[in-house]
């Protein structure tokens, strides 16, 4: 403070203390963290109701053995987690004039101490195994010392910075070690204390707010004054929840600036998107990683300057800075105009389209990939000139693969704005054919992020139409199917398979399983192998019946052989759909028709499996085959069933359910009924599906027969159809793990011995399901070489 008692300013008229006060607010992330901590604390409470496990006791014994010479240090650390720590933190905050921090430390520390005592009183001491001896008073849960240190660290960290946060959590860990070493608590008690303190601290942030949660126009004006821009007014612009906030700012020089506030990293991607990128059909490039919002702002400013130097029309960067007690800030000159997404198709003339492609060509010539070429990021000024905005996702020094993906994103955006025909025609007249050919290979759903695909009202259909129109315009074939299987996928599949095939025998005895496999009848094993390939042949007949246009038999059979590789090694059978759709596109079917044929085939197979399963279960059940089956009864089952029905009805009745479940189901149902009007197609579709299921079931029966086991062949076939159908609902490659589990349950209900059931299921899956993958790889390469897929 100066002699007047006021806090010194930083040259902007805003004191650091005022700047911190203006940034105090709340955010949804605080509430999410509070819910997470509450769930973890509840779980830890449930764990303390049972005796401590041996691992926890072993950790306790190791920490107790720390040399006694260090005990004074550990005792002092426990004082920090008591009233001495609360009083000390409050006194230090008061000394430096942080009244708010002092009050929060005192209130949160006292609340945490009271809550910890209440939980210890309600839960009592923790039970431990009989041979283990602890302190006379037992082990109370949670550790109050750890809870107090943690809440002080969580509450004070936003006011003191990142270093204080790390120091506070390190101190909490040390106090946790101290209370365990001194014999007062078990390790889980220390963890529970940390969770309690964390939860109380987050509750304080939710109720009273914390610094850095919001941005004030006054703070932005102060930063612009500090930069010498002489602002005169500021207006907050409308923004979406998960997007950076923007302000319009006027200056004495007559400029109008646009300030973008980046409080969170805009380029975050969810786990589902990352998984899809991993399994993508194309060799696409990931977005460059950044470390902090300030780094993101600097990155965008840097690439924007490079683009401007290369002749790309983009707003001039004025300022990029990190603001104390506020998010990072990017300021550019504002250009008046309208976003391309706000214009109607008739307002976008051919001259404007040609100018947009020219700007994108200049960007590619500078080796810059924009990676967010949505229509909203193209501004059309009052002179009908395009400007490129928002280089948040951009990448400087991009290779050919990144540039091709960038152009594919631009094609989708243009098609969504002006239609497929105009977008393709203008692109072909403005860009080299080789660049468009490279972009053509990236026009796949998994190669494009959702922010690009969501621009199209028709989604995948627009993308398929765009791909076909561009291929026709360039005189090129529609891109062939590329295997979605990556080395990491194969490794993961092998690890899962190893786990399943090693753990399942533990239900019986590994030695007995190996002995049964060595004494199996080789003749029946050969029959099982044959059934696997005959099933693929029948599956190809079913695919023929799904198409209104006649499909060549042997070529279709080869594609189904290749699908044994692509479909059985990808989650959800994605490779089966992909290879069949591309195959039919090569035969002249448009994308929507090809997708319809594949879906109809799956629906027909599912309908046949349902009918056979229902009839088979009742028939076999009347024969008294399922002797060991036990159906749970009672009110819990009734309540669970009722809840499931209510939730399912709510989902189906919702707009999402009507759009994504009811409408497609009705369309596929109409197609199935239409197929019944054509006897030959119906015989191929339903007869091929029935033959595929029955022959595959006979493969399981042959594997059991090889083990000299007595069983009903009909019952085993029914069990296989049910297990295969239910198991493939799990999104693992080939239903791995789920199919085996359901088959074992069904065979156990038939009374098949555990050793024979496990051995038969493993042999059957290896010979009839996974063995055809090997020739499927060779056929897949052959079809690729011939240009059939």
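Just so it is clear, none of the values below were taken in a lab; they were calculated from the coordinates. Remember, predicted model here, so these are calculated numbers, not experimental data. We place every Cβ from the backbone using ideal geometry, glycine too, and count neighbours over all the protein chains shown.
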Q.
Could you check the spin-label model distance between residue 84 and residue 235? Points 7 Å from the Cα along Cα→Cβ, value in nm.
A. 6.0
Q.
I need the calculated FRET efficiency for the pair residue 514 and residue 749, taking r as the beta carbon distance and R₀ as 22 Å, to the nearest 0.05.
A. 0.30
Q. Once the Cβ-Cβ distance between residue 674 and residue 729 is put in as r, and R0 is 45 Å, what FRET efficiency do you end up with, to the nearest 0.05?
A. 0.95
Q) What is the fewest-to-most order of 593, 747, 525 by other Cβ atoms lying within 10 Å of their Cβ? A) 593, 525, 747
Q.
What are the equivalent ellipsoid semi-axes of segment 329-382, built from the alpha-carbon gyration tensor (square roots of five times its eigenvalues), in whole angstrom, biggest first?
A. 19, 17, 10
Q: Would you mind calculating the gained length between residue 95 and residue 649 on full extension (0.36 nm times residue separation, minus the Cα-Cα distance), in nm to one decimal?
A: 193.3 nm
Q. Relative to a virtual label point 7 Å from the Cα of residue 50 in the Cα→beta-carbon direction, which members of segment 167-205 show backbone nitrogen distances below 15 Å?
A. none
Q) Tell me, 151, 75 in order of fewest to most beta-carbon neighbours within 10 Å? A) 75, 151
Q) What's the exposure ranking of 336, 469, going from fewest to most Cβ atoms within 10 Å? A) 336, 469
Q.
Could you work out how much longer the chain between residue 593 and residue 771 gets when fully extended? Use 0.36 nm per residue separation minus the Cα distance between them, nm to one decimal.
A. 60.9 nm
Q | Rounded, prolate or oblate (a/c below 1.5 giving rounded, otherwise prolate when a/b exceeds b/c) for segment 72-187 by Cα gyration tensor | A | prolate
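By per-residue mean of other Cβ atoms within 10 Å, what is the highest-first order of 414-422, 694-702?
So the order, starting with the most tightly packed, is 694-702, 414-422.
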Q: Determine the gain in length on full extension of the stretch residue 305-residue 782; use 0.36 nm per residue of separation and subtract their C-alpha separation, reporting nm with one decimal.
A: 166.8 nm
**Q.** Pairwise label distance in nanometres, residue 683 with residue 336, each label 7 Å out on the Cα-Cβ vector
**A.** 7.6
Q: Please give the peptides 584-590, 159-165 ranked by average Cβ packing (other Cβ atoms within 10 Å per residue), highest first, as a rough proxy for protection.
A: 584-590, 159-165
Q: Take the alpha-carbon centre of segment 419-454, take the same for segment 297-373, and report the distance between them in whole Å.
A: 20
Q. At residue 666 and residue 367, where each label point lies 7 Å from the Cα along Cα→Cβ, what is the point-to-point distance in nanometres?
A. 5.5
